[in-house]
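Quick notes on the structure that follows.
The values are calculated or read from the model by the stated rules, or taken from the named source; none is laboratory data. Since the structure is predicted, the reported quantities are computational estimates derived from the model, not experimental observations. Here Cβ is always computed from backbone atoms with ideal geometry, including for glycine, and neighbour counts include all displayed protein chains. These area figures cover heavy atoms from the full protein model, side chains too; ligands, DNA and RNA do not enter into them. Shrake-Rupley method; radii C 1.70, N 1.55, O 1.52, S 1.80 Å.
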Amino acid sequence: MKELFLKQGYAKLDRLIPNSEVENLRGLYDDLLQDKERTLGLRSDLGGGEGGTVEKITQIMRPSMVEPKLTETISYQLALDHVKDMLGGDMELDFDMLINKAPHTNTPTPWHQDAAYWIKMPDKRSASCWISLDEVYEENGCMWFIPKDADTILPHKHYTEGGALHCETDGKNAECIPLKPGGCTFHDGFTLHFSKGNTTDSHRRALILNFRPKAMIQLEREQGVDHTGERKVRNK
């Protein structure tokens, strides 16, 4: 997996966590998804559906801040172990997030690079672990990736008002990555990826853990970036 990740910017792991851990995470995840009061200020609709009756693509940033039991699960440590093996022993968890696609919303997450959301950093090592809590496939929004050829960021703009960023790209070389519950993918910040909308009867739940070098996390915090929403201005 390490060689593949370093070569193309992404890799798949069929099984990261056992079914018992999937069930545990589902319970914690669903509680947060339903509790808009606890997650106020941390959640948004990447599908641009704020104000509607249904959130199309719910994103909850830093969920472990309001539910510490998440970090007590083995998923965080197992993902970190793989990331350290791929990118070095100084890698640490920067932030986590939940992204859920509601049933029958059919709203894609457009092509983008995660680095388009981030500040520029001298050490560009990063890895996002995308853990599936449901069986994911094309119809409910599994991940698609394009092999990376450089650490460059394409021009991005907002896909919908207040929604996700997107960029123009040719997706003919994209690879579709279906997963069973408990499987995951790893990708770096420059790897282009997207997912289709959910047209099925069920939710598509994903837990995403983002890792980078400890020194770069410290640099982010010094710049007022803590991934809870708006960038904070640091008092000098």
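Here are the numbers for this structure:
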read-out	value
Single residue of region 40-64 satisfying the filter (more than 13 Å from Ile99 (Cα to Cα) and crowded, with 17+ Cβ neighbours inside 10 Å) that is modelled with the highest pLDDT	Ser64
Selection within region 182-195 - part of a loop (DSSP other than H, G, I, E, B) and either free of Cβ contacts under 8 Å to residues at least 24 places away in the same chain or buried (at least 20 other Cβ atoms within 10 Å of the Cβ) (or both)	Gly182, Gly183, Asp188, Gly189, Thr191, Leu192
Residue count for region 135-181, restricted to those that are outside any loop (DSSP other than H, G, I, E, B), closer than 30 Å to Ser20 by Cα and touching a strand residue (DSSP E or B) at 6+ places or on another chain (Cβ under 8 Å)	10
Matching residues in region 83-142 - criterion: being farther than 30 Å from Glu55 by Cα, under 16 Å from the mean Cα position of the chain (by Cα) and open to solvent by less than 10 Å² (accessible area, probe 1.4 Å)	Val83
Residue in region 5-14 that is aliphatic (A, V, I, L, M) and surrounded by 20 or more Cβ atoms within 10 Å (Cβ to Cβ) present	yes
